[in-house]
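The values are calculated or read from the model by the stated rules, or taken from the named source; none is laboratory data. Every value quoted in this text rests on a predicted model; they were computed, and no experiment measured them. No Cβ is skipped: glycine too gets one built from the backbone with ideal geometry, and neighbour counts run over all protein chains shown.
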Ligand code: SF4
């Protein structure tokens with residue numbers, strides 16, 4: 001797979017873009033006044049594997065959250081700012097690592113200059129977050145009143161142009177839409193148009209089940225095409241749920257740097273073993289395993305090892321027993337109740 005080439009942008013201790021691994025991020029969703037609860041949520045996100053944490057900064061309380069958060073977690077913190085350039089300047093003073101702001105929304109060019117120069121001084125990048133639901137009225141009008149992919153890219157061009165005119169290039173770009181097809185086309189067009197790293201997301205994706213599905217199609221399709229440098233799965237749920245979802249999408253798109261990919265068959269009339277339960281046990285046991293391996297859980301000895309030849313290790317069920325195989329080759333036969341522990345022992349030794 002060829003990765004779409006983008007500029008490298010530093011965000012705290014992470015690099016976004018270039019050949020850097022794809023960064024997983026999420027956003028806190030508690031009122032900023034409650035510092036303790038926000039710290040607990042940030043720690044839970046970090047524990048789950050979140051690499052960059054964004055916070056809303058609607059006013060002073062958001063600013064006051066930045067320092068305690070930075071002391072509590074190692075993840076870089078991003079301030080999400082709408083319209084008020086003074087909050088951006090103040091967030092930089094509080095030690096923020098990245099700012100999400102659309103320069104065309106903050107008023108005069110002098111304000112844009114102040115923010116861009118201050119970000120440059122602090123070595124802090126800016127994410128321009130184009131959202132299909134809030135495009136500039138003039139641009140929307142030019143595109144027949146619809147937030148088309150072309151209109152979204154036009155909006156990105158406008159905001160990027162403001163920063164580039166000031167010699168500011170530490171830019172990350174997102175073009176989110178709640179419509180998966182629009183989002184896909186907007187990102188594909190942006191990838192051909194701009195050199196900046198892309199933050200992928202389907203916005204307002206919904207509750208966990210449908211949200212994961214839409215994100216898997218939207219984010220996953222782009223990743224599979226080599227597009228995307230950082231991802232956020234937006235779920236109407238505890239943000240900690242977004243992190244395993246994000247890693248599952250990375251794995252499914254073949255873009256994960258670490259972690260086990262499970263391959264398991266759907267079972268059929270040939271299955272003579274409790275495969276559904278076995279697959280759940282294997283998945284659960286390997287959830288935190290960081291080895292970048294493919295593990296197969298197959299329902300029959302006749303077809304399983306062959307069909308899962310690409311797997312690094314796997315099990316295939318028989319009648320009350322099963323085999324362990326590696327790249328299609330059977331290693332040993334074991335009773336059904338010892339299959340999982342034997343498999344895990346082999347994986348331990350890999
Ligand atoms: S691996 Fe065997 S049990 Fe599973 S679906 Fe294929 S034929 Fe059926």
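Filtered by the rule that a residue be within 16 Å of the ligand (Cβ to nearest atom) and under 22 Å from residue 213 (Cβ atoms), the range 247-268 gives 262, 263, 264, 265, 266.
Within the range 1-40, the residues that satisfy the criterion of being closer than 28 Å to residue 288 by Cβ, in contact with a helix residue (DSSP H, G or I) (Cβ under 7 Å, 6 or more places away or on another chain) and part of a helix (DSSP H, G or I) are 38, 39.
Per-residue answers, yes or no, for (1) assigned by TED's automatic domain parsing to the domain that holds residue 211; (2) more than 33 Å from the chain's Cα centre (by Cα); (3) under 29 Å from residue 48 (Cβ atoms):
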position: 245; (1), (2), (3): yes, no, yes
position: 248; (1), (2), (3): yes, no, yes
position: 273; (1), (2), (3): no, yes, no
position: 287; (1), (2), (3): no, no, yes
position: 290; (1), (2), (3): no, no, yes
position: 309; (1), (2), (3): no, no, no
position: 317; (1), (2), (3): no, yes, no
position: 329; (1), (2), (3): no, yes, no
position: 342; (1), (2), (3): no, yes, no
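One residue stands out in the range 269-300 among those that are within 16 Å of the ligand (Cβ to nearest atom) and assigned to a loop (DSSP other than H, G, I, E, B): the one that is farthest from residue 339 (Cα to Cα), namely 269.
Taking (1) in contact with a strand residue (DSSP E or B) (Cβ under 6 Å, 6 or more places away or on another chain); (2) at pLDDT 95 or above; (3) not in a loop (DSSP other than H, G, I, E, B) in turn, residue 305 satisfies each apart from (2). Residues of the range 263-275 that are closer than 17 Å to residue 344 by Cα and surrounded by fewer than 18 Cβ atoms within 10 Å (Cβ to Cβ): 263 alone. Taking the conditions exactly as written (over 23 Å from residue 193 (Cα atoms), crowded, with 21+ Cβ neighbours inside 10 Å and touching a residue at least 24 places away in the same chain (Cβ under 8 Å)), does residue 51 satisfy them or not? Spelling it out, residue 51 is indeed over 23 Å from residue 193 (Cα atoms), crowded, with 21+ Cβ neighbours inside 10 Å and touching a residue at least 24 places away in the same chain (Cβ under 8 Å).
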